[in-house]
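K.L.:
My questions will all concern the structure given below.
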Amino acid sequence: MSIKTHAQETLKTNNIESVLYLSNDKFQPLIVGLGGSEGGNAWTSDYWKETRNRFIEKGYAFLAIGYFKANGTPELLEKIAIEDVHNAIKEATNNKQVNGKKIAIVGGSRGADLALLVGSYYEDIDCIVGLVASNVVFPGNTNHFTTSTWTFEGKELPFVPVNEEAVPFLMKRDLRGAFETMLKDTIAVQQALIKVEKIKAPILLISATKDEVAPTTLMSNKIIARLKEYKFEYHNEHIAIEGGHAEPLKHFDLIFDFLEKHFPVK
């Protein structure tokens, strides 16, 4: 089935590349798509076109956001301003066909971390889906790993540093081993926790049980435990998928089912 859509680049915000996809409907709830550490604007690609169009067919508007290694964005995944991403989302809601009072974010990997962070800082996010998310902030992807991935109002967010024990794992490109070793630093972990309890929206987490990049099932369990500790009043759930880091990307039916229940079009 073919659908009529049009794309509109929003160029009025700093450091973000965003493309808005719409059907002809009025008051479309907005889905924001955030890619991960691959960079660029993944959701504008032909690879994701079919999935993107499924959102539109169901009545959602879709905003594809690139926050590094895309046009007009930083080259590296480091010191990305959370408010820049939020400003891009707000710019999209100025379109008269978008229902600016219904905003959901779907993020993968580092984009999942970003989705949780945006939701923790801004109360106008109404639903969050995080695929292979972290429960803490990690360093930016630079040669020396000495800066945070994220900033807010000009200040770097505290992050879990690369410790001496993690270096051999990085040298042999064992990312999971490096992350697991870094997470042993309990003081740094406590300081770098993403404050998910501040989110005012339903949350779906999907992790990978054999994730070769990071212990995402463990970290997602910790997010759910933190929500329980803070008596989080919104629906939250974690689905662990058997397989590697990319496996959850094959299970968008779970996401559509979740949105139908907790972020319906009408």
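K.L.:
Mind putting a number on the dipole of the range 73-166 about its Cα centre? Charges go on the C-beta only, +1 for Lys and Arg and -1 for Asp and Glu, and I need it in Debye to the nearest 20. It would help to have the intermediate numbers written out before the result.
P.N.:
Numbers: 7 positive and 13 negative charges, 88 e Å.
With only Lys, Arg, Asp and Glu charged at Cβ, the dipole is about 420 debye.
K.L.:
Each label point is 7 Å from the Cα along the Cα-to-Cβ direction; what then is the distance between the points at E212 and K26, in nm?
P.N.:
Once both label points are built, they end up 5.1 nm from each other.
K.L.:
Report the Cα-based extents of the range 163-218 along its three principal axes, largest first, to the nearest Å.
P.N.:
Cα extents, longest axis first: 40, 26, 12 Å.
K.L.:
At a Förster distance of 25 Å, what's the computed FRET efficiency of R173 paired with L76, Cβ-Cβ distance as r, to 0.05?
P.N.:
On the way: r = 19 Å, r/R0 = 0.75.
Taking R0 as 25 Å, the efficiency between R173 and L76 is 0.85.
K.L.:
Oh, and also: Taking Cα centroids, how far is the range 94-170 from the range 18-82 in Å?
P.N.:
With the range 94-170 and the range 18-82 each reduced to a Cα centre, they are spaced 15 Å.
K.L.:
Same structure, new question: I'd like to compare 219-232, 120-133: which one has the highest average count of other Cβ atoms within 10 Å, and what's the full order after that? List each step's numbers first, then the result.
P.N.:
Details: 219-232: 16.4, 120-133: 23.0.
Listed from highest to lowest mean packing, they are 120-133, 219-232.
K.L.:
Hey, another quick one. Please find, in a Gaussian network model of the chain (springs between Cα atoms separated by less than 10 Å), the residue of K172, K26, K69 whose mean-square fluctuation is greatest.
P.N.:
Most flexible of the set in this elastic network: K172.
K.L.:
Provide W48, W150 in ascending order of the number of other Cβ atoms located within 10 Å of each residue's Cβ, fewest first.
P.N.:
Values: W48 17, W150 28.
Least crowded to most crowded, the residues run W48, W150.
K.L.:
Show that you can apply the helix-only estimate: for the chain, add -39,500 (n - 2.57) for every DSSP H stretch of four or more residues, divide by all residues, and state [θ] at 222 nm to the nearest 500. Let's see the in-between values first.
P.N.:
Numbers: 8 runs with 77 residues, N = 266.
Computed ellipticity for the chain at 222 nm equals -8500 deg cm²/dmol.
K.L.:
Sticking with this structure for a sec: Could you give the DSSP H helices of the chain that reach 18 angstrom or more along their long axis (alpha carbon positions) and whose average Kyte-Doolittle hydropathy is no lower than -1.0?
P.N.:
Numbers: long enough: 216-229 (19 Å, -0.09).
Flagged H segments are 216-229.
K.L.:
Okay, next question. Could you size up the charge dipole of the chain around its Cα centre, putting +1 on the beta carbon of Lys and Arg and -1 on that of Asp and Glu, and report it in debye to the nearest 20? Kindly include the intermediate steps, with their values, before the conclusion.
P.N.:
Numbers: 30 positive and 34 negative charges, 129 e Å.
With Lys and Arg at +1 and Asp and Glu at -1, about 620 debye.
K.L.:
When only alpha-carbon atoms are used, what values of Rg and Dmax, in angstrom, describe the range 65-148?
P.N.:
Every Cα atom of the range 65-148 included, Rg and Dmax give 13.5, 45 Å.
K.L.:
Let me ask something else about it. Once Rh is set to the Kirkwood radius over Cα pairs, what Stokes-Einstein translational diffusion coefficient, in µm²/s, holds for the range 1-149 at a temperature of 25 °C and a viscosity of 0.890 mPa s? If you can, show how the numbers build up before the last one.
P.N.:
On the way: Rh = 15.3 Å.
For the chosen part, D equals 161 µm²/s.
K.L.:
Within the range 116-138, find all residues whose amide N lies under 14 Å from a label point positioned 7 Å from the Cα of F152 along Cα-to-beta-carbon.
P.N.:
Under cut-off, by backbone N: 116-125, 136-138.
K.L.:
A further question follows. Which whole number in µm²/s is D for the chain by Stokes-Einstein, with the Kirkwood Rh taken over Cα pairs at 4 °C and 1.567 mPa s?
P.N.:
Values: Rh = 18.5 Å.
Answer, rounded: 70 µm²/s.
K.L.:
Find which of A88, P161, N143 sits farthest along the positive direction of the dipole of the range 81-218, computed with +1 on the beta-carbon of Lys and Arg, -1 on that of Asp and Glu, about the Cα centre.
P.N.:
Comparing the listed Cα positions along the dipole, A88 ranks first.
K.L.:
Something else now. Can you give the convex hull volume of the alpha carbon atoms of the range 13-57 per residue, in Å³? Intermediate values should be presented prior to the final figure.
P.N.:
Numbers: hull volume 4.0 nm³, N = 45.
Considering the Cα atoms of the range 13-57, their hull volume per residue is 89 Å³.
K.L.:
Compute the signed sum of charges (Lys and Arg +1, Asp and Glu -1) over the other residues within less than 14 Å, Cβ to Cβ, of I80.
P.N.:
Details: positive: K69, K79, R110, K155; negative: E17, E75, E78, E83, D84, D113, E153, E156.
With Lys, Arg at +1 and Asp, Glu at -1, the neighbours total -4.
K.L.:
For the range 135-253, what is the convex hull volume of the alpha-carbon atoms per residue, in Å³? Each step should come with its number before you reach the end.
P.N.:
Values: hull volume 14.6 nm³, N = 119.
In the range 135-253, the Cα convex hull volume per residue is 123 Å³.
Since every read-out is calculated from the coordinates, none of them should be taken as a lab result. A quick note: this is a predicted structure, and the numbers were derived from the prediction, not measured. Note that each Cβ is placed from the backbone with ideal geometry, even for glycine, and that neighbours are counted across all protein chains shown.
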